[in-house]
Structures are given as structure tokens and as C-alpha cells.
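The values are calculated or read from the model by the stated rules, or taken from the named source; none is laboratory data. Computed from a predicted model, the values in this text were never measured in an experiment. Virtual Cβ from ideal backbone geometry, glycine too; neighbours counted across all protein chains shown.
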Amino acid sequence: MISLTHFLFVSACLFCIGLYAIIAKRNSIMILIGIEFIINAAILNLVAFGRYDKINYSGQIFALFAIVLAAAAVAVGLAIILNVYRKYKTINPENITDLRD
Amino acid sequence: MELAIFYAFAALVIGSALLVVSLKNTARSLFLFFIVLFGMAGLFIFALADFVAITQIMVYVGGVLILMIFAFMLSNKELLADLQNTSSKFLSIPNWQSLLLSIGFLAVMSYGIIEWHDNFPQWITENIRQGNIIKSSDNNINQLGIKFMTQYLLPFEVISIFLLAALIGAAHLSRKEDPK
């Protein structure tokens, strides 16, 4: 049985990589990938802790909820990115400076 | 043996995640993202969450990744030119500030994890003492179905409505507006 510390360390590494992607990347799709990394790190933590809760199965159930939430976030985010690209012809967030026309 | 396979999966996940953020080419990053998600599904199995692993593969690899590749191809005219020029700088560092920030975060979190190490919270020690932990011989999917339909029925329904609303909203946002 793998100890909890191993899971926590892997998910901390994945979280930091996602943070780096969000801050450093100049491409909206890569930023979305960074957010997905962070959500995946959170799901790994939920699942690793959920192993110790057999009565409620709360870890696994909320991991499933988190996966659904991430999927919804990606669908809406990509729709917004496509709209922004149609308007500005770029997906670099630094060039997108105004909210209204 | 189990530990060796776990380390292999962890190295796969972290290595390909590092490659995803360090490659210049977005198309390659997207396909490496696919490998990261598969590796995460493997790690979920090590945490005895087989149903979550299958859902991860179906939702992420079947849905999210296809969506991302579509969005990338619709929003990047230089895709073909981008694929042809292979960047010679493999591990380029675009800006050191963000690297410093994320390494700082990693340092703080690893310090916390090492300090925490085996001081489990009370509910974990209680459950270990009473034997209420999930074993590899348990029938997880059966239990999850029962829990979803009894104890967690309200969150389940709420998230169904939420997902429906989000998908309709995404379809509405990305439609072509007819010129008037």
C-alpha cells in the first residue's frame, strides 16, 4: 500500500507545474491546460485521502464531481477562447485588453 | 514491486507535465497532455479508485482533449508552419519570475508534507483502527452507485443540471451569429 505522502508529493509537483503554465504561458489554451493540471492535482489528493473513508466514500464521490466541473469549465472556456479569437485574431491574453467593443 | 510501478507512473506524469510547459509547440504539448492524463488515471488506480480512473479516461481523454485540439486547430493559423520547425531550444526558460514563484510554492508544500509526514488527522487514525479503509478487494463501483443514489442524491442532481446548463451555454457562445 502506497503511503499518503507519496500521493501528496506527486500532486504538489503537478500543482506547481500548472501554476507555472498559468503564469508564464502566452497562449490561452496553455493556460487552460495549466488549470486542468491544478484540478487534476486536487482530484489526486481527494482520491488519496478518500481511501481512508469507507463509510461515506466522500473522496471518490467528490473526485467525480470535480471531474464533471472541470469538463464544464473547459467547454465554456474554449467557447470563450474561440469567440475572442474570432474578434481579435489572437489568443495571447496580453493582447486582449478591453471587455467591450 | 508496487512501489516501483507507482514511481514509474509518477515519473511519467511529472516528466510529461514538465515537457508540456517547456515545449514551444502547442500541438506537441496537447498530445503530451494526453499522456499526463493517462498517467493520472494510473495513479488513481493506486489510490484504489478504479471508477474514478475510468471516468478520468472517458471524460478527459474522450471529451476535454478532443475539445482542446478542436479549439487549437480553429484558433491557430500557423499550425502547419509550427509543426514543421522543430525548436532547437528544448528547455527554454521564458521568464524566470514565474519559475521562481512555482519553485517557491513547491518548496513550501514539500516542507509542509515532510513536516506533516505521519501525523494523520484524527478521523484517519480512527478509521484505520476500526478497519474502515478501502481495500483492493472491495467492490467500489457497487458502493459508489448506492452512495450516489442515496446519500449524495442532491449534489448529483445539482451537478447534472449544472453540466447541462454549461454545455448549452458553450454551444450558445460558440455559434455563428448571422449578420443583420
Q. Within region A:29-77, can you find the residues that are modelled with pLDDT under 90, of a type in the set (Val, Ile, Thr) and under 19 Å from residue B:152 (Cα atoms)?
A. A:55
Q | Single unsatisfied condition, residue A:89 versus (1) surrounded by fewer than 22 Cβ atoms within 10 Å (Cβ to Cβ); (2) at negative phi; (3) more than 7 Å from chain B (Cβ to nearest Cβ) | A | (2)
Q. From the list A:64, A:4, A:99, A:46, which one is crowded, with 19+ Cβ neighbours inside 10 Å, more than 7 Å from every other protein chain (Cβ to nearest Cβ), free of Cβ contacts under 8 Å to residues at least 24 places away in the same chain and farther than 21 Å from residue B:103 by Cβ?
A. A:46
Q. Filtering region B:100-140 down to residues that are facing chain A (nearest Cβ under 8 Å) and hydroxyl-bearing (Ser, Thr, Tyr), which residue is surrounded by the most Cβ atoms within 10 Å (Cβ to Cβ)?
A. B:102
**Q.** Yes/no for residue B:170 being in contact with a Gly (Cβ under 9 Å, 6 or more places away or on another chain), without any contact (Cβ under 8 Å) to a residue 40 or more places away in the chain, surrounded by 12 or more Cβ atoms within 10 Å (Cβ to Cβ) and not basic (Lys, Arg)
**A.** yes
Q.
When you check residue A:3 against the structure, is it within 30 Å of residue B:131 (Cα to Cα) and under 17 Å from the mean Cα position of the chain (by Cα), yes or no?
A. no
Q.
Looking at A:24, A:41, can you tell me which residue is touching a Pro at 6+ places or on another chain (Cβ under 6 Å) and of a type outside the set (Asp, Glu)?
A. A:24
(Q) Quick check on this structure: which one of B:62, B:39, B:15 is at pLDDT 90 or above, under 18 Å from the mean Cα position of the chain (by Cα), of a type outside the set (A, V, I, L, M) and under 22 Å from residue A:74 (Cβ atoms)? (A) B:39
